[in-house]
Amino acid sequence: MKLEQKESGPCRSVAHRGLSAEAPENSLLAFELAGQRGVWGIETDVHAAADGALVCIHDDTVDRTTDGTGPVREMSLEQLRRCRIDRGRGLERCENREIPTLTAYLDVCRRYGAVAVIELKGLVDINEVQAVYETVRGMGMEDRCVCISFQIERLRELRALTESIPVQLLTERGTRAAVDRAAALGNSGINFRTTKTGLSIPAYAHQKGCTVNVWTVNWGFRKRMWERAGADFITSNRW
């Protein structure tokens, strides 16, 4: 798969941690609602558990979003499954409150034809990156997946495994230097926070062959502003 820069029209939509304005973030319900909304991509965060299981949760610990406590990396999948999501919008509608596995998330993306946008969040080495890659490939989603990360080393490790999965370098501030780092990865883009970045960065990124994803943009007037600036993708909690 190769991400293409948009030539005109609206940006492609990415649901941030699923449809997290209407369901608890990174819950199966949030992923399902995003799929039903027909978004281009559904974003999630991936961590490795103590036994190597890959799960979808934003934080390093389960404390903020579940009734459990402790670091994800120090818990087995069985222990993580006993934690119940207990925070977020639309919690009363959330029948399945388990922390989803990467496989369950990919299954939702596949059923709805959405691109899986996977943040390599809590991974520490190429073995864990390879586990993500093999899971994606095993689910037949290699051509419907984008991997993103603040850790450029994780993206380099993925690139050593495959050239077919697009990558995007996450950064708080979109700068020309960050674009240059992303461009060197190949089949790549930059993914930055809009509140700390000038509107000129998309044009520079496009010159370098990079796609541009901006986050987190929840209001219509800001979406239109970044569309006019040339962003290719908009990550939002609301669609």
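The number of residues in segment 99-122 that are at pLDDT 95 or above and surrounded by 18 or more Cβ atoms within 10 Å (Cβ to Cβ) comes to 16.
In the condition set (1) assigned to a loop (DSSP other than H, G, I, E, B); (2) open to solvent by 70 Å² or more (accessible area, probe 1.4 Å); (3) more than 21 Å from residue 133 (Cα to Cα); (4) modelled with pLDDT of 95 or more, residue 8 is compliant with all but (4).
Evaluation of residue 127 against the conditions (1) in a loop (DSSP other than H, G, I, E, B); (2) open to solvent by 70 Å² or more (accessible area, probe 1.4 Å); (3) within 26 Å of residue 189 (Cβ to Cβ) shows that the sole unmet condition is (1).
Please enumerate the residues belonging to segment 59-98 that are assigned to a strand (DSSP E or B) and either without any contact (Cβ under 8 Å) to a residue 60 or more places away in the chain or open to solvent by 90 Å² or more (accessible area, probe 1.4 Å) (or both). Answer for segment 59-98, where residues must be assigned to a strand (DSSP E or B) and either without any contact (Cβ under 8 Å) to a residue 60 or more places away in the chain or open to solvent by 90 Å² or more (accessible area, probe 1.4 Å) (or both): 61, 66, 71.
The values are calculated or read from the model by the stated rules, or taken from the named source; none is laboratory data. All values reported here derive from a predicted model rather than from experimental measurement. Cβ coordinates were reconstructed from backbone atoms using ideal geometry, including for glycine residues, and neighbour counts include every protein chain displayed. The accessibility values were calculated without ligands, DNA or RNA, using every heavy atom of the protein model including side chains. Shrake-Rupley method; radii C 1.70, N 1.55, O 1.52, S 1.80 Å.
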